[in-house]
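S.K.: Have a look at the structure that comes next, please.
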Amino acid sequence: GAAPALIVSTWDFGAAANAAAFARRSAGGSLIDSVEAGAMVPEADPDNHSVGYSGYPDRDGHVTLDAVIMDDAGGVGAVAALENTMHAISVARRVMERTPHTMLVGEGATRFARDQGFKQQSLLTPEAEKAWRDWLKTADYRPEANSENRITRTPGGALDHDTIGLLMRDPTGRMAGACTTSGMAFKMRGRVGDSPQVGSGLYVEAGVGGATSTGLGEEVTRVAGSARVVASMRAGASPQQACEEVVRHIARLRGDAIRGVQVGFLALDTKGAVGAFCLLPGFTYAVTDARGSTTVLKARSLF
Ligand code: SD4
């Protein structure tokens, strides 16, 4: 089999995130430092319309970000519907480290970020604004599967959405994870997806492993998907079996309602075994081993 994985993350752009996480770790960073560094890469990428800067806005034209970071010792920080700060993952980390809370949302999250000295800027790029204005002509809300991997300099009005979910272990089996997104393009104002919600978009547990999700967040939130994956692993399932179980559960539960919808799960156990499974073909993920060598793989799908 493959060498044990140290870092896994969602989609093709996970490869660059894994490299940044690996570099931070090699420079002496903690697991939390490293998963944060990884998540920051797609957040800052202007060609990625699904995370952070240049994410597509909500239907009122506001770019709003969701993020969570967690370790395996009860450390959790999250923000939802954050505006004007590019690195939502770093704000989530500050929530974990400097507040008595686990999550801040909307105006409160935005003000907290400003008060903490995060650079305030518009996250709406001309490109993303044009895609939004084009979308307004029809206002047809139909999320497109796997748009995450179609990063382009010429957005065509497709309903891009995407997330990076990143899981990391150290050689002793300690774990941390991060998940960050601008959510679904052209979502309703105030909509919060799975990504920032502990147990839905991300879950990490000492002695077991972690899981993260991507795709249409509502279908993950409904079943607390990542917590379910980790619970299966705790009960003895391999990461692969656990990812397959939750995807089958969603398919059974939702029937025709998930036709054409993508949901993908990615899991890593404390020993470095990896699992991934999704509803539709097209979900990819990046795996990095202890030597820093990264492979991008296609997840198997139910349909
Ligand atoms: C959401 N799950 O906000 C996120 C979007 C996503 O890949 O993962 N896209 O629903």
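The values are calculated or read from the model by the stated rules, or taken from the named source; none is laboratory data. This is a predicted model, so every value here is computed, not measured. Cβ sites come from the backbone with ideal geometry, for glycine too, and all protein chains shown count toward neighbours.
S.K.: I'd like the residue in the range 224-265 that is among the small types (Gly, Ala, Ser) and surrounded by 24 or more Cβ atoms within 10 Å (Cβ to Cβ) and, out of all such residues, is farthest from Met184 (Cα to Cα).
M.R.: Among residues in the range 224-265 that are among the small types (Gly, Ala, Ser) and surrounded by 24 or more Cβ atoms within 10 Å (Cβ to Cβ), the one farthest from Met184 (Cα to Cα) is Ala242.
S.K.: Among (1) more than 12 Å from the chain's Cα centre (by Cα); (2) within 16 Å of the ligand (Cβ to nearest atom); (3) of a type in the set (A, V, I, L, M); (4) within 29 Å of Gly173 (Cα to Cα), there is one condition Val63 misses while meeting the rest; what is its number?
M.R.: Going through the list (1) more than 12 Å from the chain's Cα centre (by Cα); (2) within 16 Å of the ligand (Cβ to nearest atom); (3) of a type in the set (A, V, I, L, M); (4) within 29 Å of Gly173 (Cα to Cα), Val63 breaks only (4).
S.K.: On the given criteria, is Leu136 outside any loop (DSSP other than H, G, I, E, B), crowded, with 17+ Cβ neighbours inside 10 Å and either away from the ligand (no atom under 16 Å from the Cβ) or at pLDDT 95 or above (or both)?
M.R.: In short, no.
S.K.: Please identify the pairs in which a residue from the range 250-264 that is over 16 Å from Gly282 (Cα atoms) has its Cβ atom under 8 Å from the Cβ atom of a residue that is in a helix (DSSP H, G or I), counting only partners at least 6 apart or on another chain.
M.R.: As it stands, the answer is Ile250/Glu219; Ile250/Val220; Ile250/Gly225; Ile250/Ile258; Ala251/Ile258; Arg254/Glu219, since those pairs meet every condition given.
S.K.: Can I ask one more? Of (1) crowded, with 22+ Cβ neighbours inside 10 Å; (2) modelled with pLDDT of 95 or more; (3) over 30 Å from Arg291 (Cβ atoms), His161 satisfies all except one. Which?
M.R.: It is condition (2) that His161 fails.
S.K.: Which one of these is of a type outside the set (Phe, Trp, Tyr), more than 9 Å from the ligand (Cβ to nearest atom), buried (at least 24 other Cβ atoms within 10 Å of the Cβ) and within 24 Å of His87 (Cα to Cα): Gly215, Gly210, Gly190, Gly199?
M.R.: Gly210
S.K.: Count, please, the residues in the range 71-81 that happen to be farther than 9 Å from Ala92 by Cα and more than 13 Å from the ligand (Cβ to nearest atom).
M.R.: Qualifying residue count for the region: 5.
S.K.: Taking the condition of being surrounded by 22 or more Cβ atoms within 10 Å (Cβ to Cβ) and closer than 24 Å to Asp256 by Cα, how many residues in the range 268-283 meet it?
M.R.: 5
S.K.: In addition: Out of curiosity, is Ala27 surrounded by fewer than 21 Cβ atoms within 10 Å (Cβ to Cβ) and aliphatic (A, V, I, L, M)?
M.R.: Spelling it out, Ala27 is indeed surrounded by fewer than 21 Cβ atoms within 10 Å (Cβ to Cβ) and aliphatic (A, V, I, L, M).
S.K.: If you don't mind, there's one more thing I want to ask. Would you tally the residues in the range 161-187 being within 13 Å of Val68 (Cβ to Cβ) and either within 13 Å of the ligand (Cβ to nearest atom) or out of contact with any Leu (no Cβ under 8 Å at 6 or more places or on another chain) (or both)?
M.R.: Residues in the range 161-187 being within 13 Å of Val68 (Cβ to Cβ) and either within 13 Å of the ligand (Cβ to nearest atom) or out of contact with any Leu (no Cβ under 8 Å at 6 or more places or on another chain) (or both): 8 in total.
S.K.: List the number of the failed condition for Arg228; all other conditions in (1) within 19 Å of the chain's Cα centre (by Cα); (2) within 14 Å of the ligand (Cβ to nearest atom) hold.
M.R.: The number of the failed condition is (2).
S.K.: If Arg24 satisfies every condition in (1) among the basic types (Lys, Arg); (2) under 30 Å from Val287 (Cβ atoms); (3) out of contact with any helix residue (DSSP H, G or I) (no Cβ under 6 Å at 6 or more places or on another chain) but one, which is the exception?
M.R.: Every listed condition holds for Arg24 apart from (3).
S.K.: List the number of the failed condition for Ser182; all other conditions in (1) among the polar types (S, T, N, Q); (2) at pLDDT below 95; (3) surrounded by fewer than 24 Cβ atoms within 10 Å (Cβ to Cβ) hold.
M.R.: (3)
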